[in-house]
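The values are calculated or read from the model by the stated rules, or taken from the named source; none is laboratory data. None of these values were measured; they are calculated from a predicted model. Cβ coordinates were reconstructed from backbone atoms using ideal geometry, including for glycine residues, and neighbour counts include every protein chain displayed. Heads up: the accessible areas ignore ligands, DNA and RNA and are worked out on the full protein's heavy atoms, side chains in. Shrake-Rupley method; radii C 1.70, N 1.55, O 1.52, S 1.80 Å.
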Amino acid sequence: MKKIIILTICFIACYGSVKSQEVKLGKSSVDEVLKAMTIEEKVQLLIGTGMAGASGSSAVVGATQSLVPGAAGTTNLISRLGIPAIVLADGPAGLRISPKREGSSDTYYCTAFPVATLLAATWNCELTENVGLAMGNEVLEYGADVLLGPALNIHRNPLCGRNFEYYSEDPLLSGKTAAAIIRGIQKNGVGTSIKHFAANNQESNRMANDARMTERALREIYLKGFEIAVKESNPWTVMSSYNFINGVYASESRELLTTILHDEWGFKGTVMTDWFGGRNAAAQVYAGNDLLMPGRPDQYNAILQAVNDGKLSIQDVDINVKRILNLILESPRFKNYKYSNKPDLKAHAQITRQSAAEGIILLKNTATLPITSKTKKIATFGITSYDFISGGTGSGDVNEAYTISLGEGLVNAGYQINEELKSLYLKYINEENEKNKPDPNNPFAAFMPKIRAGEFVPEADILNKTAKETDVALITIGRTSGEFMDRKLDNDFNLSDNEQKLIQEVSKVFHAAGKKVVVILNIGGVIETASWKQYPDAIVLAWQAGQEGGNSVADILSGKINPSGKLPMTFPVNYTDNISSANFPQDYTPGPMNFGGNTNNAEKPKVRNIDFTYYEEDIFVGYRYFDSFNKDVSYPFGYGLSYTTFEYINPKINQNGNEYTISLTVKNTGKTTGKEVVQLYVAAPKNQNLTKPDKELKAFAKTKELKAGESQTIELSVKILDLASFDEDESAWVADAGEYQLLIASSSKDIKSTLSLAITNKVSEKTHNVMNPQEKINTIKK
């Protein structure tokens with residue numbers, strides 16, 4: 001009997017062990033896998049595998065780190081349960097991986113697509129989705145699983161170093177554009193990570209800055225774009241930001257990551273930190289920050305200790321682990337996709353060329369563009385004409401195979417550029433580049449903005465000779481920026497003395513010869529234009545148009561493509577006209593990155609408001625401020641010229657329950673084929689409980705390509721709650737009763753027609769109260 005009992009116990013133990021070993025992700029349910037995991041394995045899955053060269057980080061060795069060289073990070077492999085490592089890779093303008101690999105003669109270049117500001121300037125969600133489709137294909141074919149983008153923080157201030165990665169000063173345009181590119185990317189069966197959630201609106205002291213604002217500003221301006229993207233495109237992941245919001249680290253805020261993101265918006269995916277974001281690993285897990293990237297041993301130890309001490313419940317750990325398991329289940333790597341390492345880069349180059357051209361904006365044109373077929377000889381001034389900027393720097397950069405310069409694009413289009421001038425500029429650029437080589441001992445040099453040569457102004461005799469030999473002058477002004485630091489006011493937002501001199505002297509000499517001058521702006525964000533825009537005959541805002549930028553600009557200049565881009569932000573007259581200029585840090589000098597998780601520097605830089613930024617402007621960001629307070633601007637939000645003209649005909653409104661449809665006909669009344677962007681703004685009734693902006697963008701649409709004389713009916717939809725503002729006292733979105741004005745426009749300053757919409761009864765939608773009374777005290781109210 002004794003032997004039977006012993007044999008039975010042995011059989012049960014052995015059988016149970018065999019059954020446990022048979023639990024595999026995919027073959028077993030997520031709950032079964034979760035139950036089979038040890039606490040150590042669970043915690044291991046909550047952190048990434050580390051990052052090379054980072055203090056306190058896991059060593060970058062082993063199979064997971066070599067999956068896709070140059071990718072930003074990987075999750076941990078748990079082979080006994082069939083849980084593979086998945087690959088996370090930058091970034092917003094295209095996949096960022098190493099273009100060359102040791103021991104291989106093959107190359108792994110990716111397409112540098114247009115920067116986010118340009119894509120937003122297309123106001124074309126269908127086009128943006130197609131860009132995402134191409135971008136996601138490269139993610140898939142190069143073996144990555146999640147692309148760390150798009151980024152959709154608000155352009156609160158023009159000096160933010162990463163504005164080129166972000167779409168707009170407006171949350172609706174930001175959210176709709178982001179949702180479109182997410183849909184395109186994820187159609188490939190790979191994931192996205194929308195970032196940086198939330199209120200990451202400056203690079204200065206980004207890992208310790210506290211963004212202090214009212215809950216209304218947070219919800220209406222800084223969260224609304226994320227809400228639209230989550231609800232309309234279901235991104236696989238969300239990346240939490242470095243900064244505090246009203247005293248709480250974003251990555252440690254349960255109110256932000258669980259209450260708002262999951263409970264209110266219905267987000268089903270995974271939340272990950274930005275790389276090395278936050279301080280308290282256990283607090284991040286409790287907040288709903290599922291995956292801590294890139295991962296450090298101290299985080300593993302802290303989470304395990306917190307569970308063992310009872311300070312962090314295993315239930316909270318399980319929730320996060322389950323989300324990561326569901327993410328892995330969807331990944332190409334789990335599905336054993338046989339990636340080729342051979343995406344169709346030629347086809348994607350054509351997509352970037354065409355999409356870039358649609359986002360280029362014609363700011364000024366006095367009978368100058370397009371350049372006629374009779375005009376063949378072109379003088380290209382400015383160092384950027386020969387050193388074109390495809391995109392910004394940092395994690396938003398791409399390792400592309402080439403960048404087409406403006407000069408190359410013009411030659412490809414059949415124009416002749418002045419060779420003597422070209423030789424003069426290339427000699428100067430090469431000499432200056434030798435003086436400004438990046439520090440080979442700085443591991444982050446590749447992420448920092450390139451030190452560019454100062455502008456070169458040719459001598460008077462060269463200018464006069466060139467004016468005689470050529471038909472038209474093009475002057476390119478370039479700007480670059482990126483991660484780790486914000487832009488500067490002098491020689492960045494404002495033109496340098498040499499840039500001003502170049503524009504004025506070239507304009508003077510060429511105009512004296514009866515010839516035209518065009519300025520090309522190869523920039524990622526706003527610069528000052530009011531002081532010099534009277535000198536050239538035309539101004540083309542080319543943005544940072546990706547690797548085919550020179551060809552895209554040439555397509556616009558030649559008239560092959562009619563410009564149809566519209567500004568996704570306001571160009572002010574002066575920097576100080578931006579209300580946020582009063583509290584945006586301008587003198588911050590970044591120190592070395594601290595990867596130990598402790599952002600308390602022994603000696604803090606002496607800079608105004610370095611520990612916090614008061615968002616004193618509240619909801620009055622961008623055109624909401626300029627239009628509400630009648631501030632003159634250089635170019636308004638939504639502005640952009642065309643080579644043709646359009647008429648808006650017969651606008652009308654129809655109601656279907658709580659939704660309104662505004663329809664109108666757009667007619668091309670000019671002689672050139674083109675597209676038009678129709679913008680719908682809403683002006684709220686006066687004397688309401690809450691102060692409202694003069695107008696707010698609520699919908700937009702872009703026509704197809706309309707031939708001369710051709711018309712198209714456009715429909716725009718608005719729901720009653722789209723008109724709502726956030727009432728902090730009620731913790732609700734509230735649309736008060738009254739008469740709303742629907743403004744059909746081609747920019748925030750160019751209203752074509754006005755319709756009225758009467759709401760007879762107040763409509764509201766309750767939310768969770770995520771700010772306690774003490775937090776409210778710490779915010780600034782108008």
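Cut-off under 19 Å on the C-alpha distance; same-chain residues fewer than 8 positions from Lys652 excluded. Which aspartates and glutamates are left, in chain and number order?
Glu676, Glu715, Asp722, Glu739, Asp750
If you line up the long axis of helix 297-308 against the longest principal axis of the chain, both from Cα atoms, how many degrees apart are they, to the nearest 10?
Helix 297-308 sits roughly 50 degrees off the main axis of the chain.
Report Cys125's accessible area, 1.4 Å probe, all protein chains in place, as a number in Å² to the nearest 10.
Accessible surface of Cys125 is approximately 40 Å².
Calculated FRET efficiency, Asp490 and Glu431, Cβ-Cβ r, R0 30 Å, to nearest 0.05?
The pair Asp490/Glu431 has a calculated efficiency of 0.80.
Using modelled amide H (1.01 Å from N, peptide plane; none on Pro or chain starts), what sits under 5 Å from the amide H of Met239, excluding residues fewer than 5 places away?
Ile194, Lys195, Phe197, Met272
Under 5 Å between amide H atoms, partner at least 5 residues away or on a different chain: which partners does Ile245 have, H built in plane at 1.01 Å?
For Ile245, whose amide H was placed from the backbone, the distant partners under 5 Å are Ala211, Ala250.
May I ask for the Kirkwood hydrodynamic radius of the stretch 144-291, worked out over all distinct Cα pairs and given in angstroms to one decimal? Could the numbers behind the result be given before it?
Working: mean 1/r = 0.0671 Å⁻¹.
Mean inverse Cα-Cα distance, inverted, gives 14.9 Å.
Using DSSP to call loops (not H, G, I, E or B), can you name the trypsin sites (Lys or Arg not before Pro) in the stretch 690-728 whose Cβ has at most 15 other Cβ atoms within 10 angstrom?
Listed in order of number, the matching sites are Lys704, Lys707.
Sorting check: for 198-206, 293-301, which peptide has the highest mean count of neighbouring beta carbons within 10 Å, and how do the rest follow?
198-206, 293-301
By its C-alpha gyration tensor, with a ≥ b ≥ c as the square roots of the eigenvalues, how is the stretch 359-459 shaped: rounded for a/c under 1.5, else prolate for a/b larger than b/c, else oblate?
Prolate.
Suppose R0 equals 35 Å. What FRET efficiency, 1/(1 + (r/R0)^6) with r the Cβ-Cβ distance, do Asn301 and Ser104 give to the nearest 0.05? All intermediate terms of the calculation are to be shown ahead of the outcome.
Working: r = 37 Å, r/R0 = 1.07.
The computed FRET efficiency comes out at 0.40.
Take the alpha carbon atoms of the stretch 69-131, find their center, do the same for the stretch 645-721, and report the distance between the two centers in whole angstrom.
36 Å
To test your reading of the geometry: what angle, between 0 and 90 degrees and rounded to tens, separates the Cα axis of helix 419-435 from the longest principal axis of the chain?
40 degrees
Could you tell me what percent of the DSSP beta bridges with both partners in the chain are antiparallel, to the nearest 5?
Just about 60 percent of them are antiparallel.
Quick one: Karplus J couplings for the stretch 648-655, per residue in order, coefficients 6.51, -1.76, 1.60, θ = phi - 60°, nearest Hz, x for Gly and Pro?
9, 10, 6, x, 8, 10, 10, 10
Mind pulling the angle between the C-alpha long axis of helix 171-186 and the longest principal axis of the chain? Nearest 10 degrees, somewhere in 0 to 90.
60 degrees
Rounded, prolate or oblate: pick one for the stretch 192-243, where a ≥ b ≥ c are the square roots of the eigenvalues of its C-alpha gyration tensor, a/c under 1.5 means rounded, and failing that, prolate if a/b is larger than b/c, else oblate. Present the calculation step by step, with values, prior to reporting the outcome.
On the way: a/c = 3.28, a/b = 1.38, b/c = 2.38.
Oblate is the answer for the stretch 192-243, as a/c is 1.5 or above yet b/c matches or exceeds a/b.
Pull up all non-local amide H partners of Ile378: gap of 5 or more, or a different chain, and H-to-H distance under 5 Å with H placed in the peptide plane.
Here Gln416, Ile417, Asn418, Asp471 satisfy the definition.
Percent relative contact order of the chain, based on C-alpha pairs within less than 8 angstrom and at least six residues apart?
Over the chain, the number comes to 14 percent.
Using the alpha carbons of the stretch 648-780, what is the convex hull volume per residue in cubic angstrom, as a whole number?
It is 132 Å³ per residue.
Treating cross-link reach as a plain straight distance, find the lysines whose alpha-carbon is under 21 Å from the alpha-carbon of Lys686, omitting any fewer than eight places away in the same chain.
Straight-line reach from Lys686, under 21 Å: Lys631, Lys695, Lys698, Lys719, Lys749, Lys762, Lys781, Lys782.
Where does the chain land at 222 nm, in deg cm²/dmol rounded to the nearest 500, when only DSSP H runs of n ≥ 4 count, each adding -39500 (n - 2.57), divided by all residues?
The per-residue figure over the chain is -8000 deg cm²/dmol.
Cross-link candidates for Lys342: which aspartates and glutamates have Cα within less than 12 Å, leaving aside residues fewer than 8 places away along the same chain?
Straight-line reach from Lys342, under 12 Å: Asp106, Glu138, Glu141.
So how exposed is Trp123, as accessible area in Å² (1.4 Å probe, rounded to 10)?
10 Å²
Please quote Rg/Rh for the stretch 95-143 to two decimal places, taking the Kirkwood radius as Rh and restricting both calculations to Cα atoms.
Rounded to two decimals, Rg over Rh is 1.10.
For a protection proxy built on the mean count of beta-carbon atoms within 10 angstrom, sort 685-691, 414-420 highest first, please.
Top to bottom by mean Cβ count within 10 Å: 414-420, 685-691.
Placing +1 at every Lys and Arg Cβ and -1 at every Asp and Glu Cβ, with all other atoms neutral, what dipole size does the chain have around its Cα centre, in debye to the nearest 20?
On the way: 82 positive and 88 negative charges, 268 e Å.
With only Lys, Arg, Asp and Glu charged at Cβ, the dipole is about 1280 debye.
Answer rounded, prolate or oblate for the chain, using the Cα gyration tensor with square roots of eigenvalues a ≥ b ≥ c: rounded when a/c is under 1.5, else prolate when a/b is larger than b/c, else oblate.
prolate
Show me, for the stretch 95-107, the HN-Hα J-couplings you get by feeding each phi into the Karplus relation (A = 6.51, B = -1.76, C = 1.60, θ = phi - 60°), rounded to Hz, glycine and proline as x.
So the Karplus estimates, Gly and Pro as x, are 5, 10, 9, 5, x, 10, 10, 4, x, 10, 8, 6, 10 Hz.
Positive end of the dipole of the chain, charges at C-beta (+1 Lys, Arg; -1 Asp, Glu), about the Cα centre: which of Thr366, Val678, Ala582 has its Cα farthest in that direction?
My answer, from the dipole projection, is Val678.
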